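**Q** Below are the structure tokens for one structure; questions will follow.
The values are calculated or read from the model by the stated rules, or taken from the named source; none is laboratory data. Computed from a predicted structure; not experimentally measured. No Cβ is skipped: glycine too gets one built from the backbone with ideal geometry, and neighbour counts run over all protein chains shown. In case anyone asks, the SASA skips ligands and DNA or RNA and just uses the protein heavy atoms, side chains included. Shrake-Rupley method; radii C 1.70, N 1.55, O 1.52, S 1.80 Å.
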Amino acid sequence: QVRLVESGGGLVQAGGSLRLSCAASGNIFSRNTMAWYRQAPGKQRELLAAISSGGSRNYADSVKGRFTISRNYDANTVYLQMNSLKPEDTGVYYCNLKTVQGEFWGQGTQVTVSS
């Protein structure tokens with residue numbers, strides 16, 4: 001069983017920064033991709049950033065240049081450094097892990113950016 005636990009959300013003013021963390025535990029296949037998604041109120045969940053076990057990264061246009069995804073392979077942890085936050089970044093942020101075993105989600109962490 002794979003478990004993902006996010007942390008680091010909170011309330012921040014526009015222009016501020018937050019760092020999210022997601023720790024994965026369980027029987028995790030070594031070849032995998034970890035990612036961050038966001039679900040804003042009334043909107044569909046969207047992919048923000050992903051990083052493969054090989055280190056390849058990709059970003060949504062909406063966060064490119066502001067957010068950085070990284071991972072600690074030994075600790076099976078993925079991070080999302082969020083800078084220059086905007087009110088439209090408000091939402092629930094979810095950690096995601098994809099392997100040949102399947103797809104797994106964390107419980108989500110709330111990020112609120114005030115104007």
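**Q** Roughly what would the spin-label model give for Ala14 and Arg45, points 7 Å off Cα along C-beta, in nm?
**A** Output for this residue pair reads 2.9 nm.
**Q** Report the semi-axes of the equivalent ellipsoid for the chain in whole Å, largest first, where each axis is √(5λ) for an eigenvalue λ of the Cα gyration tensor.
**A** Listed largest to smallest, the semi-axes of the chain are 24, 14, 12 Å.
**Q** Within region 74-97, whose backbone N sits under 17 Å from a point 7 Å along Cα→Cβ of Asn58?
**A** It comes to 96-97, nothing else.
**Q** Could you run the Karplus curve 6.51 cos²θ - 1.76 cosθ + 1.60 with θ = phi - 60° over region 33-48 and give me ³J(HN,Hα) per residue in whole Hz, x for Gly and Pro?
**A** 10, 10, 8, 10, 10, 9, 10, 7, x, x, 10, 6, 5, 10, 6, 9
**Q** Any idea what the relative contact order of the chain is, in percent, if you count C-alpha pairs under 8 Å spaced at least 6 apart?
**A** About 36 percent, as a whole number.
**Q** If amide H atoms are built 1.01 Å from N in the plane of the peptide, which residues on other chains or at least 5 residues away come under 5 Å of the amide H of Leu85?
**A** Here Gly15, Gly16 satisfy the definition.
**Q** Apply the Karplus curve 6.51 cos²θ - 1.76 cosθ + 1.60, θ = phi - 60°, to the phi angles in region 82-94 and return the couplings in whole Hz, x for Gly and Pro.
**A** Rounded to whole hertz, the list is 10, 10, 6, 5, 10, x, 6, 7, 4, x, 9, 9, 10.
**Q** Further question: Looking at the chain, what % of its DSSP beta bridges pair antiparallel, to the nearest 5?
**A** Rounded to the nearest five, the antiparallel share is 90 percent.
**Q** At q = 0.20, 0.23, 0.24 Å⁻¹, what is the log10 ratio I(q)/I(0) for region 35-100, with the Debye formula run over Cα points and no solvent?
**A** For the requested q values the scattering log ratios are -0.80, -1.03, -1.11.
**Q** If you don't mind, another one. What longest range of the chain stays clear of loop-exposed chymotrypsin sites (Phe, Trp or Tyr not before Pro) (DSSP non-H/G/I/E/B, at most 13 other C-beta within 10 angstrom)?
**A** So the longest stretch without any such site is 30-72.
**Q** Provide the three semi-axes, in whole Å and in decreasing order, of the ellipsoid equivalent to region 1-57 as defined by the square roots of 5 times the Cα gyration tensor eigenvalues.
**A** Semi-axes, largest first: 24, 14, 13 Å.
**Q** I would also like to ask the following. How much area per residue is accessible in the chain when the probe is 1.4 Å and only protein heavy atoms are counted (Å²)?
**A** 53
**Q** With a 1.4 Å probe and every protein chain kept in, tell me what percent of the accessible surface of the chain is carbon plus sulfur.
**A** 46
**Q** Need the full-extension length gain, Asn83 to Gln107, defined as separation in residues times 0.36 nm minus the C-alpha distance. One decimal, nm.
**A** Gain on extension, Asn83 to Gln107, equals 6.4 nm.
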